[in-house]
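See below for the structure under consideration.
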């Protein structure tokens, strides 16, 4: 029994290395400071650690139970258990820029002999971490939904949710404003569904915002809306002010077709 206890104490001392999985997999962390990249003010940085210990993360008999983050203002946050992982959600203050450092203390094991470890992490808080690729002009049809793909590129270490919050130059009601979730340091398409009711040329400024803290960027583009039979018939469903009585049945049919 003494030999087993001695072995476990040795193993916990030699192999209790902390392993960070997300937002970047840096493997076994050492006591020196580790940079996690860039984030924007107001975002929430999620750190996910494996509960396994050891330089290869395979010491299954000894594992971490909790992670506690100490923030620059000396406040602390406790981890949440996610199966074989520990999650820490770090809120970045709005309006803050620069180096944001924190320490994470890992504690555990059910058998109570593992030595706690502290790792020092930091992120650089800055603006301008999202890019949006849109064409200068789009040709779309009136009276029907049109899908406009916008390529979004994130260099932030934090995930976020983006949405269209205003459309200057085109009626806001023509846009389907479904939010788009984008993971950290990734690219994806943000689809804008536009259903214009009327033909015309619309120079438009589109404001794209993030859920964490306001407008990201205002993109300038233009929509050239061409008429369709459906959009022409739609006008009749909006009502005709004065028509000859003999033509009333004809316009009623057109109005009905415009609603289909």
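The values are calculated or read from the model by the stated rules, or taken from the named source; none is laboratory data. Fair warning: this is a prediction, and the values are worked out from it, not measured in the lab. Quick reminder, even Gly has a Cβ in these numbers, built from the backbone with ideal geometry, and neighbours come from all protein chains shown.
Restricting segment 170-192 to residues that are more than 30 Å from residue 38 (Cα to Cα) and surrounded by fewer than 15 Cβ atoms within 10 Å (Cβ to Cβ), the residue that is farthest from the chain's Cα centre (by Cα) is 171.
The set of residues in segment 193-214 that are more than 14 Å from the chain's Cα centre (by Cα), part of a strand (DSSP E or B) and either more than 14 Å from residue 148 (Cα to Cα) or touching a residue at least 40 places away in the same chain (Cβ under 8 Å) (or both) comprises 193, 194, 200, 201, 202, 203, 205, 206, 207. Among residues of segment 48-59 being in a strand (DSSP E or B) and under 13 Å from residue 114 (Cβ atoms), the one that is modelled with the lowest pLDDT is 59.
So that you can scan it fast, the table gives a plain yes or no per residue for (1) within 30 Å of residue 195 (Cα to Cα); (2) at pLDDT below 95; (3) not in a strand (DSSP E or B); (4) not assigned by TED's automatic domain parsing to the domain that holds residue 67:
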site: 95; (1), (2), (3), (4): no, yes, yes, no
site: 101; (1), (2), (3), (4): no, no, no, no
site: 106; (1), (2), (3), (4): no, yes, no, no
site: 112; (1), (2), (3), (4): no, yes, yes, no
site: 149; (1), (2), (3), (4): yes, yes, no, yes
site: 157; (1), (2), (3), (4): no, no, yes, yes
site: 164; (1), (2), (3), (4): yes, yes, no, yes
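Could you go through segment 68-82 and let me know if any residue there is out of contact with any helix residue (DSSP H, G or I) (no Cβ under 8 Å at 6 or more places or on another chain), touching a residue at least 40 places away in the same chain (Cβ under 8 Å) and either outside any loop (DSSP other than H, G, I, E, B) or crowded, with 18+ Cβ neighbours inside 10 Å (or both). No.
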